[in-house]
1. Identify, please: which residue in region 285-308 is within 13 Å of ligand 1 (Cβ to nearest atom) and assigned to a strand (DSSP E or B) and is, among those, farthest from residue 186 (Cα to Cα)?
2. Given the residues 429, 418, which is the only one that is modelled with pLDDT of 95 or more, outside any loop (DSSP other than H, G, I, E, B) and away from ligand 2 (no atom under 16 Å from the Cβ)?
3. State whether the residues of region 389-399 include one that is without any contact (Cβ under 8 Å) to a residue 12 or more places away in the chain, of a type in the set (Ser, Thr, Tyr) and not assigned by TED's automatic domain parsing to the domain that holds residue 101.
4. If we keep just the residues of region 229-248 that are charged (D, E, K, R) and closer than 8 Å to residue 315 by Cα, which is nearest to ligand 2 (Cβ to nearest atom)?
5. I'd like to verify a number: residues in region 312-337 that are more than 16 Å from ligand 2 (Cβ to nearest atom) and crowded, with 21+ Cβ neighbours inside 10 Å, how many?
6. Determine which member of the set 116, 149 is of a type in the set (D, E, K, R) and in a loop (DSSP other than H, G, I, E, B).
7. Search region 204-255 for residues being of a type outside the set (D, E, K, R) and in a helix (DSSP H, G or I), and hand back the single one that is surrounded by the fewest Cβ atoms within 10 Å (Cβ to Cβ).
8. State whether the residues of region 338-351 include one that is in a loop (DSSP other than H, G, I, E, B), away from ligand 3 (no atom under 16 Å from the Cβ), touching a residue at least 12 places away in the same chain (Cβ under 8 Å) and surrounded by fewer than 22 Cβ atoms within 10 Å (Cβ to Cβ).
Amino acid sequence: MLEHLVTRAAKTTPILPLSAKSLAAWIKTQAPFLQAWIKSAGFKAKPGSFVLLPDAAGRAALILAGCEDGVDRWSLASLPAALPAGIYRLEEEDLSPDQASAHAFAWAMGCYRFARYRADAKEFATLVWPKNADKAGVERAASAIALGRDLINTPAEDMGPEHLAKAVEKVGAAHKAKVTSIVGDALLKQNYPTIHAVGRGAATTGIRAPRLIDLTWKGTGGEKGPLLTLVGKGVCFDTGGLDLKPRGGMMMMKKDMGGAATVLALAQMIMEANLPLRLRLMIPAVENSVSGNAIRPLDVVKTRKGITVEINDTDAEGRLILCDALAEADTQKPDLLIDMATLTGAARVALGPDLPVLFANDDDLADSLLRHGRNEGDPFWRLPLWKPYRSMLDSKVADIANCEPGSFGGAITAALYLAEFVSPTTKWLHVDTYGWTSGKGAGRPDGGEPLGLRGLFAFIADWVKHSGKSPVLPKRPAPRPSPVSRAAAKRPLPRSRPRR
Ligand code: BES
Ligand code: MN
Ligand code: ZN
């Protein structure tokens, strides 16, 4: 995909990105022949559309490409597959460095295909790197996104717990990180009972056996840097276990290692950028399977932390494998602990597929991540760690149940379950993500997507500049009721109508 961006070329066709507004101004300066051509082609600078303008000899002289106003990360993504093969460059007099980077990013994304199982290789057009673009930044993001997508898109047969460990080892080796795994029954010996309990139904030895993958790294100058620990849910396939999912619910569950894929991609970006921090990446990797050796509903497991958990539903397995990893991560007192997981359907009911849910025990950090996510066009939305719902996890036989009996606030109760395994003094962010995208168009083909990756990287790069302390944000004025709601408050309440 990055091979379709080159540093120089002898013969190139220029592309002029235009929004509807800038097209209106630009077209007035053109010859009547071209004005008529653009009109008859029906080109209105709709984002993602393009028109080819000929010279007098009928050769392609200029491509007009429809874009959004402002920084546009996606519109140019339609071009590499749609334009005739060849080498192109941007007309960039008016492009800010941010916009030049965004267009290069769009181009790279437009060249992504999950081609592992397909013979029909796609031809893409090539772009010369815009000279104002942040080449390293675009390459870092694009290759991490491709890594995340490839991992998620690969079906469980070829992306089991050991495959996932191999993927971590490969990324680690490229950056001289240390990678270890605790596999199968060794998880019991080393006190990771919940990872073992969930994964043992698939196997206790061999490539399908559960494991805890653990990567550590420090950048140059990182010895003194803050410690960042990333934890990702690595359920390579989620059948639901004995509380088996129906067909529709299982349909996408190869993506249940989307949290692991996203934190691994994030770790790659951090190491590639050589951020001055110490990094630990922990991935509990399992398959949640059905077998005579599978964990049952009503079983009780004593977790690493010593808290006993009653299994109300074997399909609430993500929080089980995460809780042992989080408990271990927490003992090291990291300066920041972030976990990502395709944890609940409830998070998707609440916010739909696009918005990873953010939970945080620190408001400044949460605000900072929300802001960076927005800036990067890679947004999060926050939900509360609402303590009163903790009682929904009360068990009659154990310290806690792995899920609530009802179906209210499922993303929150899952987060509250995890919170039991993190000290209140550890700054902790929990992200409940979909790890998938569909219907987004060019550059974002239907399939695995490490949502939140770019937002998180920008946030961490900023966090490390503040040497791991919460960034100081301008104080926001306390919210006051708006004039509308004040007027509404004076209005008499409508009388309740009898229910039909
Ligand atoms: N991996 C699923 C959550 C999921 C489902 C994420 C669909 C994205 C899309 C998770 O392991 C799960 O099954 N959660 C259950 C929890 C329930 C049993 C308390 C859920 O959300 O239904
Ligand atoms: Mn499940
Ligand atoms: Zn799951």
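The values are calculated or read from the model by the stated rules, or taken from the named source; none is laboratory data. What you see is a predicted model, and the numbers here were worked out from it, not measured in a lab. Every residue, glycine among them, receives a Cβ derived from its backbone with ideal geometry; neighbour counts consider all protein chains shown. For the accessible areas, the whole protein counts, side chains as well, though only heavy atoms, and no ligand, DNA or RNA atoms are used. Shrake-Rupley method; radii C 1.70, N 1.55, O 1.52, S 1.80 Å.
1. 288
2. Criteria check complete, one pass: 429.
3. Yes, some residue in region 389-399 is without any contact (Cβ under 8 Å) to a residue 12 or more places away in the chain, of a type in the set (Ser, Thr, Tyr) and not assigned by TED's automatic domain parsing to the domain that holds residue 101.
4. Within region 229-248, the match that is nearest to ligand 2 (Cβ to nearest atom) is 238.
5. 9
6. So the residue among 116, 149 that is of a type in the set (D, E, K, R) and in a loop (DSSP other than H, G, I, E, B) is 116.
7. 248
8. Within region 338-351 (the criterion being in a loop (DSSP other than H, G, I, E, B), away from ligand 3 (no atom under 16 Å from the Cβ), touching a residue at least 12 places away in the same chain (Cβ under 8 Å) and surrounded by fewer than 22 Cβ atoms within 10 Å (Cβ to Cβ)), the answer is no, since none of the residues qualifies.
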